[in-house]
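The values are calculated or read from the model by the stated rules, or taken from the named source; none is laboratory data. Bear in mind that the values here come from a model prediction, so they are computed numbers and not experimental data. Note: ideal-geometry Cβ built from the backbone for every residue, glycine included; neighbour counts use all protein chains shown.
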Amino acid sequence: MTEEQLDKYRLEGTKVRVVRDALEMNDVVGFVVAWDDESVLIRRPNRRVVKLKRDYVMVEASAPRPTLEL
């Protein structure tokens, strides 16, 4: 995920989905709040903030969920 994409999601208030593994229940859905070189902060609907690695797959929440190959 590039700096420009993260900034676009933050400024537009786009809800994103962070896919961490093959199980959909482990996805984090929310809004991009901030980021640095290694991590990104996502605000979930319950207003809690989650710090995640930028290595995870991140897509718009309205887009289909990508499948991860193990």
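Residue count for region 16-33 under the criterion of being surrounded by fewer than 16 Cβ atoms within 10 Å (Cβ to Cβ) and more than 24 Å from residue 69 (Cα to Cα): the result is 1.
When the test is whether a residue is touching a residue at least 40 places away in the same chain (Cβ under 8 Å), under 21 Å from residue 2 (Cβ atoms), of a type in the set (D, E, K, R) and loosely packed, with under 14 Cβ neighbours inside 10 Å, residue 60 passes it. As for region 9-18, it holds at least one residue that is at pLDDT 95 or above, part of a loop (DSSP other than H, G, I, E, B) and within 11 Å of the chain's Cα centre (by Cα). For region 1-15, a residue qualifies if it is closer than 19 Å to residue 64 by Cα and loosely packed, with under 10 Cβ neighbours inside 10 Å, and exactly one does: 13.
Whether a residue is more than 9 Å from the chain's Cα centre (by Cα) and not in a helix (DSSP H, G or I) was assessed, and residue 25 does not pass this test.
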